[in-house]
Amino acid sequence: MTKTIRKAVFPVAGLGTRFLPATKAVPKEMLTVVDRPALQYVVDEAKAAGIEHFVFVTGRGKAIIEDHFDINFELNATLESRNKTEALESVNRDLPKAGATSFTRQQAPLGLGHAVWCARDIIGDEPFAVLLPDMLMKHHTPCLKSMVDAYAKTGGNVLSLEACDPAQTSSYGIVALGDTLDEDVHQIKGMVEKPKPAEAPSNLFISGRYILQPEIFDLLETQERGAGNEIQLTDSMLRLVETSPFYGVRFRGTTFDTGTKLGFLQANIAYGQERTDIHPNIKSELAALLR
Ligand code: UTP
């Protein structure tokens, strides 16, 4: 029997240097895609996958994230008194249940691996999900949902995989595949961090969603700094793969890296073009702008 994935970690303590100056005072995870913070989309993905508890690893200057997931009594009262029912619904619709969030601080941005390790006491001894909040993954089946479904059959650790240009493997954590278990579900035999194209075992990279066994925390505890002088999650996964099975779920949707300026613009257009509530002909309005 596999243990259910109940908790998800959202590492939101990074400095967002690729998006300065916007991120000088506003966390990049709170930049809006259409009319909601990027982070909200990723929390919704986790909800759709059955996640019950949302763990945010925050840092200095990130307090508005906590406020976003809380009730704003003053705002609610004002909206109510002005009969702004729709606006009121929009602020309350996304609220997690009381007690379903935890916030812990990564005191210094020492890397993604370190941020995940900061959640160890809140997660405890159970498998959990990690979602990179700046990666918006758009598909009719939410990425984490496909991974949770795969996990129910395989157990172990499950990673989201996407294909990159074979010439670009040196920018990613690349996996070596074993057997195919289901159409898009594969065993992972090994991982290589940023291999040269000639040495890459495939062109499939680890793309921003993880289901991990709690053993990862002991490895993160002793993990030395790696690329960028940061404590990297991938480095500990490279050690975990020796003792614990890993599986990959190939994601067939579109991923937007909203931590980059181009990815952020693309996400706004991709999500915006579906929003006929903003304008009845939003697609043609956007197309006219792009002509
Ligand atoms: P990134 O590397 O994309 O975020 O990490 P960053 O470091 O903020 O970005 P740049 O390169 O300076 O622009 C992916 C996710 O991991 C979090 C980030 O907040 C982001 O959501 N992260 C990263 C942490 O929580 N702590 C860290 O030490 C590093």
note = Mean-square fluctuation maximum in Gaussian network of the chain, Cα pairs under 10 Å, restricted to 186, 68, 114, hits 68
ask   = Given R₀ = 30 Å, FRET efficiency for residue 63-residue 260 by Cβ-Cβ distance, to 0.05?
value = 0.75
request  = Could you list the trypsin sites (Lys or Arg not before Pro) in the range 1-38 that lie in coil according to DSSP, counting only those with at most 13 other Cβ atoms within 10 Å of their Cβ?
outcome  = 3
task = Note down the Stokes-Einstein diffusion coefficient of the range 1-60 in µm²/s, whole number, using a Kirkwood radius over alpha carbon pairs, 37 °C, and 0.692 mPa s.
result = 256
task = Among 43, 192, rank each residue by its count of other Cβ atoms within 10 Å, from fewest to most, as a rough exposure measure.
result = 192, 43
remark   = One finds, for residue 139 and residue 20 with R0 = 41 angstrom and r their Cβ-Cβ distance, a FRET efficiency to the nearest 0.05 of 0.85
note = Among GluC sites (Glu not before Pro) in the range 236-289, those in a DSSP loop whose Cβ has at most 14 other Cβ atoms within 10 Å are 242, 274
task = State, in angstrom, two size descriptors of the range 150-232 derived from its alpha carbons: Rg to one decimal place and Dmax to the nearest whole number.
result = 13.6, 38
ask   = How big is the equivalent ellipsoid of the range 124-164 along its three axes, where each semi-axis is √(5λ) from the Cα gyration tensor, reported in whole Å from largest to smallest?
value = 19, 13, 10
inquiry  = Would the range 156-291 count as rounded, prolate or oblate if I go by the C-alpha gyration tensor, calling it rounded below 1.5 in a/c and otherwise prolate when a/b exceeds b/c, oblate otherwise?
reply    = prolate
ask   = How big is the chain by the Kirkwood estimate over distinct Cα pairs, in Å?
value = 20.0
request  = Give the shape of the range 98-241 as rounded, prolate or oblate, defined through the alpha-carbon gyration tensor: a ≥ b ≥ c are the square roots of its eigenvalues, a/c under 1.5 means rounded, and otherwise the shape is prolate if a/b is larger than b/c and oblate if not.
outcome  = oblate
ask   = To the nearest 20 debye, what is the magnitude of the charge dipole of the range 1-115 about its Cα centre, counting +1 on the Cβ of each Lys and Arg and -1 on the Cβ of each Asp and Glu?
value = 480
message = For the pair residue 284/residue 122, report the inter-label distance in nm, with labels modelled 7 Å from Cα in the Cβ direction.
response = 4.7
Loop sites in the range 96-161: chymotrypsin sites (Phe, Trp or Tyr not before Pro), DSSP, at most 11 other Cβ within 10 Å = none
task = For the range 1-146, give the share of DSSP beta bridges that are antiparallel, in percent and rounded to the nearest 5; count only bridges with both residues there.
result = 15
query = Based on Cβ point charges of +1 for Lys and Arg and -1 for Asp and Glu, what charge dipole magnitude is obtained for the chain about its Cα centre, in debye rounded to the nearest 20?
reply = 540
task = Quick one: grab the alpha carbon gyration tensor of the range 1-132, order the square roots of its eigenvalues as a ≥ b ≥ c, and give me rounded if a/c is under 1.5, else prolate or oblate depending on whether a/b is larger than b/c.
result = oblate
ask   = Residue farthest toward the positive end of the dipole of the chain, with Cβ of Lys/Arg at +1 and Asp/Glu at -1: which of 55, 112, 4?
value = 112
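Read-outs throughout are calculated quantities, based only on the coordinates presented, and are distinct from any laboratory measurement. Keep in mind that what you see is a predicted model, and the values were worked out from it rather than measured. Backbone-built Cβ (ideal geometry, glycine too); neighbour counts: all protein chains shown.
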